[in-house]
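> Here it is, the structure, as structure tokens.
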Amino acid sequence: MTPSRATRARSSLARMSVLLVLGASALALPGCMSGKDNDIDVLALAAETEPADVLYNQGLANLEGGRLKEASAKFNAIDRQYPYSEWARKALVMSAFTSYRSGAYEEAVTSSRRYLNTYPGTSEAAYAQYIIGLAYYRQIPDVTRDQKASARAAAAMQEVIDRYPESEYAEDARTKIRFSRDQLAGKEMQVGRYYLERREYIAAINRFKRVVDAFPQTRHVEEALARLTEAYYAMGLVQEAQAAASVLGQNFPESQWYKDSYSLLQSKGLEPRAGSGSSWFGKATAAITGASS
């Protein structure tokens, strides 16, 4: 039996109603998924489709404009989408620098080390090593606190000098090494003074001798030698006190620290007297002289 025209019309209208309902539901879905976790990140989507060179130049522009988060996103997108490409290599070191600029120092170190492990012989390797040094250097605290960052900064910057002596970063690396080691010596002096004030002379002497042995190029050496003179004198070790003062006078004859040490010895009718060349004091003189030459 053939359906009537009215029946066919009603059936067609019903199908259209279903389609309209389904279409409305589909359009409503984005509204239902508009929560933060489900939004489509348009910038991230664009980063997935842009060519590597475009992303890199966008990252540089963002970096220059101070938009560090956006710059990092661009460089990281290159790393994901074009791994081991020339653009990925360049983006990795720039990502490390962007992290450093953002204050994300551990991320800067991680990215730089990854660069050095993956591309050790490239022209940007020196820069990657320098970023590691900078990241630690910026974390150096006041001398009263733990100086682990100072030791790491000095070691990282020494790597710049040892591995890339002709790089443009070598001179600044030397400057930052001097400051880092000065901080380390300053910490040793602080602890040594603490022991000296409490008359724990052996512990104090060990700290002051470490300053002379490990950091002979720092400004703390003069005081360290004067404090050695003081500590030995307090213990009744006259020859050692005279030898310490002698090392101080030979290397820093115009120092106020030497004048004070000389006066201390003279108060008991003593004067500085050099120790034997094979003693610690003889080696200390050679070490200080070599550091200052």
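> Is there a residue being among the small types (Gly, Ala, Ser) and more than 15 Å from the chain's Cα centre (by Cα) anywhere in the stretch 75-84?
Within the stretch 75-84, one or more residues are among the small types (Gly, Ala, Ser) and more than 15 Å from the chain's Cα centre (by Cα).
> Considering Glu166, Glu159, which residue is surrounded by fewer than 19 Cβ atoms within 10 Å (Cβ to Cβ) and part of a helix (DSSP H, G or I)?
Going through Glu166, Glu159 in turn, the sole match is Glu159.
> Are any residues in the stretch 236-274 of a type in the set (Asp, Glu) and crowded, with 19+ Cβ neighbours inside 10 Å, and if so, which ones? Walk me through how you get there before you give the answer.
If we filter the stretch 236-274 for residues that are of a type in the set (Asp, Glu), which is where we start, we get 240, 254, 260, 271.
The answer is Glu240, and nothing else.
> Would you mention how many residues in the stretch 138-152 are part of a helix (DSSP H, G or I), farther than 19 Å from Arg163 by Cα and open to solvent by 80 Å² or more (accessible area, probe 1.4 Å)?
Of the residues in that region, 1 qualify.
> Which one is farthest from Glu230 (Cα to Cα), of the residues in the stretch 189-216 that are within 27 Å of the chain's Cα centre (by Cα) and of a type in the set (D, E, K, R)?
Only one residue tops the list, namely Asp213.
> How many of the residues making up the stretch 82-137 are outside any helix (DSSP H, G or I) and either at positive phi or open to solvent by less than 60 Å² (accessible area, probe 1.4 Å) (or both)?
Counting residues in the stretch 82-137 that are outside any helix (DSSP H, G or I) and either at positive phi or open to solvent by less than 60 Å² (accessible area, probe 1.4 Å) (or both) gives 7.
> In addition: Assess whether Gly249 counts as being among the small types (Gly, Ala, Ser), more than 20 Å from Tyr201 (Cα to Cα) and in contact with a Phe, Trp or Tyr (Cβ under 9 Å, 6 or more places away or on another chain).
Spelling it out, Gly249 is indeed among the small types (Gly, Ala, Ser), more than 20 Å from Tyr201 (Cα to Cα) and in contact with a Phe, Trp or Tyr (Cβ under 9 Å, 6 or more places away or on another chain).
> Any residue in the stretch 170-192 that is open to solvent by 60 Å² or more (accessible area, probe 1.4 Å), touching a helix residue (DSSP H, G or I) at 6+ places or on another chain (Cβ under 6 Å) and either free of Cβ contacts under 8 Å to residues at least 12 places away in the same chain or in a helix (DSSP H, G or I) (or both)?
Within the stretch 170-192, one or more residues are open to solvent by 60 Å² or more (accessible area, probe 1.4 Å), touching a helix residue (DSSP H, G or I) at 6+ places or on another chain (Cβ under 6 Å) and either free of Cβ contacts under 8 Å to residues at least 12 places away in the same chain or in a helix (DSSP H, G or I) (or both).
> Please enumerate the residues belonging to the stretch 66-81 that are among the hydrophobic types (A, V, I, L, M, F, W, C) and either part of a loop (DSSP other than H, G, I, E, B) or touching a Lys or Arg at 6+ places or on another chain (Cβ under 7 Å) (or both).
Once the filter is applied, which keeps residues that are among the hydrophobic types (A, V, I, L, M, F, W, C) and either part of a loop (DSSP other than H, G, I, E, B) or touching a Lys or Arg at 6+ places or on another chain (Cβ under 7 Å) (or both), the stretch 66-81 yields only Leu68.
> Return the pair list, or none, for Cβ contacts closer than 8 Å from residues in the stretch 276-287 that are in a helix (DSSP H, G or I) to residues that are of a type in the set (Val, Ile, Thr) and surrounded by 14 or more Cβ atoms within 10 Å (Cβ to Cβ), at least 6 apart or on different chains.
Between residues of the stretch 276-287 that are in a helix (DSSP H, G or I) and residues that are of a type in the set (Val, Ile, Thr) and surrounded by 14 or more Cβ atoms within 10 Å (Cβ to Cβ), the close pairs are Phe281/Val247; Ala284/Val212; Ala284/Val247; Thr285/Val247; Ala287/Val212.
To keep it simple, each residue is scored yes or no on (1) at pLDDT 95 or above; (2) among the hydrophobic types (A, V, I, L, M, F, W, C); (3) on the phi < 0 side of the Ramachandran plot.
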residue: Gln183; (1), (2), (3): yes, no, yes
residue: Gly192; (1), (2), (3): yes, no, yes
residue: Arg199; (1), (2), (3): yes, no, no
residue: Ser246; (1), (2), (3): yes, no, yes
residue: Glu254; (1), (2), (3): yes, no, yes
residue: Gly275; (1), (2), (3): no, no, yes
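> Condition test on Ala231, is it modelled with pLDDT under 95, under 39 Å from the mean Cα position of the chain (by Cα), aliphatic (A, V, I, L, M) and assigned to a helix (DSSP H, G or I)?
no
> Let me ask something else about it. Hey, Tyr233 hits all of (1) under 30 Å from Leu270 (Cα atoms); (2) touching a Leu at 6+ places or on another chain (Cβ under 9 Å); (3) open to solvent by less than 50 Å² (accessible area, probe 1.4 Å) but one; which does it fall short on?
Of (1) under 30 Å from Leu270 (Cα atoms); (2) touching a Leu at 6+ places or on another chain (Cβ under 9 Å); (3) open to solvent by less than 50 Å² (accessible area, probe 1.4 Å), only one is false for Tyr233: (3).
> I'm told Tyr201 meets every condition in (1) in contact (Cβ under 8 Å) with a residue 24 or more places away in the chain; (2) open to solvent by 70 Å² or more (accessible area, probe 1.4 Å) except one. Can you identify the failing condition by its number?
(2)
The values are calculated or read from the model by the stated rules, or taken from the named source; none is laboratory data. Everything numeric here is computed off the predicted structure, so don't read it as measured data. A quick note on method: Cβ atoms are made from the backbone with ideal geometry, for glycine too, and the neighbour counts reach across all protein chains shown. Note: accessible area is taken over every heavy atom of the protein model, side chains too, but ligands, DNA and RNA are not part of it. Shrake-Rupley method; radii C 1.70, N 1.55, O 1.52, S 1.80 Å.
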